[in-house]
1. From (1) of a type outside the set (D, E, K, R); (2) out of contact with any Lys or Arg (no Cβ under 8 Å at 6 or more places or on another chain); (3) surrounded by fewer than 23 Cβ atoms within 10 Å (Cβ to Cβ), pick out the condition that doesn't hold for Val85.
2. Provide a single number: the residues in the stretch 194-250 that are of a type outside the set (Lys, Arg) and either buried (at least 18 other Cβ atoms within 10 Å of the Cβ) or under 18 Å from Asn177 (Cα atoms) (or both).
3. Taking the conditions exactly as written (in contact (Cβ under 8 Å) with a residue 24 or more places away in the chain, under 16 Å from Ala132 (Cα atoms) and among the charged types (D, E, K, R)), does Arg37 satisfy them or not?
4. Of everything in the stretch 106-140 that's over 19 Å from Gly18 (Cβ atoms) and within 15 Å of the ligand (Cβ to nearest atom), which residue is surrounded by the fewest Cβ atoms within 10 Å (Cβ to Cβ)?
5. Return the only residue of Thr93, Thr104 being over 11 Å from the mean Cα position of the chain (by Cα), among the β-branched types (Val, Ile, Thr) and at pLDDT below 95.
6. Could you give me the residue pairs with C-beta distances under 6 Å whose first residue belongs to the stretch 81-109 and is at negative phi and free of Cβ contacts under 8 Å to residues at least 60 places away in the same chain, whose second residue is of a type in the set (Gly, Ala, Ser) and open to solvent by less than 80 Å² (accessible area, probe 1.4 Å) wherever it lies, and which are 6+ apart or on separate chains?
7. Out of (1) closer than 17 Å to Gly232 by Cβ; (2) in contact with an Asp or Glu (Cβ under 7 Å, 6 or more places away or on another chain), what's the single condition that is false for Asn128?
8. On the basis of being within 16 Å of the ligand (Cβ to nearest atom), open to solvent by less than 40 Å² (accessible area, probe 1.4 Å), of a type in the set (A, V, I, L, M) and more than 18 Å from the chain's Cα centre (by Cα), does Val58 make the cut?
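The values are calculated or read from the model by the stated rules, or taken from the named source; none is laboratory data. Here the structure is a predicted model, which is why all the values come from computation and not from measurement. A quick note on method: Cβ atoms are made from the backbone with ideal geometry, for glycine too, and the neighbour counts reach across all protein chains shown. To get the accessible areas, we keep the full protein, side chains included, count just its heavy atoms, and leave off ligands, DNA and RNA. Shrake-Rupley method; radii C 1.70, N 1.55, O 1.52, S 1.80 Å.
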Amino acid sequence: MRFKNKTVVITGGGSGMGLAAAKAFLAEGANVAICGRTQEKLIKTAQNLNAGDRLLTVAVDVSKISDLDQLYTQVRDRFGKIDIVFANAGIGTPTGFGDVDEKTFDQIVSVNFKGVFFTAQQALPHMNDGGAIVLNASLTQHQGLANLTVYAATKAAVSQLARSLASSLISRNIRVNAISPGVIDTEMTGEFDQEMIAALQNEIPMQRLGQPEEIAKVVLFLASEDASYITGEDLLVDGGRIRLSPWQGL
Ligand SMILES: NC(=O)c1ccc[n+]([C@@H]2O[C@H](COP(=O)([O-])OP(=O)(O)OC[C@H]3O[C@@H](n4cnc5c(N)ncnc54)[C@H](OP(=O)(O)O)[C@@H]3O)[C@@H](O)[C@H]2O)c1
């Protein structure tokens with residue numbers, strides 16, 4: 001029970017890695033607030049999690065500061081001060097460079113970069129010193145990817161943000177780290193067709209997609225006292241995709 005009496009806020013907690021992290025934090029005793037844009041999804045999630053008063057759901061769009069203000073006001077009213085923030089909400093569908101229009105560009109940057117920035121900034125007045133913030137970046141920041149130009153750039157920005165925020169919050173002993181998941185089996189990759197999934201699996205030395213629960217374990221580690229001397233880090237969780245060659249010939 002590493003998180004008994006701790007309060008955790010997870011953006012994008014209605015599905016995928018955010019949901020897996022919510023489950024894991026609840027299992028370790030935390031009070032958890034999750035948000036997402038879709039009220040119905042949150043209601044369904046809350047029914048499945050069946051965590052009673054220890055779970056709060058708030059329908060907000062993280063790209064709007066006024067919505068984040070609502071989120072943190074509700075969290076304060078229910079649970080008091082916050083200990084941990086997992087800034088996880090993100091969007092991105094593969095699109096060729098030439099096909100990225102202004103609306104798509106603005107949406108991805110607003111959610112993935114502006115949203116993460118202000119999720120962290122707006123949390124600060126409500127956070128206990130000694131807490132932890134984990135940002136969800138992506139392995140895509142390390143590769144040239146023809147169809148993820150905007151998405152990958154926002155994730156590079158998130159990774160950099162982890163270092164600057166860590167520096168800025170050192171005096172409050174709030175540790176800030178990022179994770180960079182590889183290809184994880186969630187709603188986001190559920191949009192990919194079988195051919196694409198097979199090609200991706202082939203590129204991963206472990207020859208499989210990651211599971212959201214495997215990411216949740218890393219989030220909980222970084223948020224816990226077990227990671228008390230880690231800040232400003234960005235941890236790859238990608239089945240060896242970036243660091244290893246998929247080819248076993250040498
Ligand atoms: N899956 C992968 O392979 C992979 C790899 C590396 C990194 N990531 C990153 O991991 C994070 C989680 O994604 P996932 O794979 O778990 O996919 P997911 O199941 O689609 O989760 C994303 C969540 O974010 C929420 N969300 C999206 N826009 C939002 C907004 N403007 N305000 C509030 N919530 C919002 C979504 O809920 P609503 O639609 O209800 O808002 C959804 O619950 C994302 O940042 C993604 O970029 C994913």
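1. For Val85, the failing item is (3).
2. Start the filter on the stretch 194-250 by keeping residues that are of a type outside the set (Lys, Arg), which leaves 194-207, 209-216, 218-240, 242, 244-250.
Of the ones still in play, those that are also either buried (at least 18 other Cβ atoms within 10 Å of the Cβ) or under 18 Å from Asn177 (Cα atoms) (or both) are 204, 209-210, 212, 214-216, 218-239.
Here the count works out to 29.
3. Working: in contact (Cβ under 8 Å) with a residue 24 or more places away in the chain: yes; under 16 Å from Ala132 (Cα atoms): no; among the charged types (D, E, K, R): yes.
Considered against the rule, which asks whether it is in contact (Cβ under 8 Å) with a residue 24 or more places away in the chain, under 16 Å from Ala132 (Cα atoms) and among the charged types (D, E, K, R), Arg37 comes out as no.
4. The selected residue is Asp106.
5. Numbers: Thr104 fails: at pLDDT below 95.
Just one listed residue meets the conditions, Thr93.
6. Ile108/Gly92
7. All conditions pass for Asn128, except number (1).
8. So Val58 fails the test.
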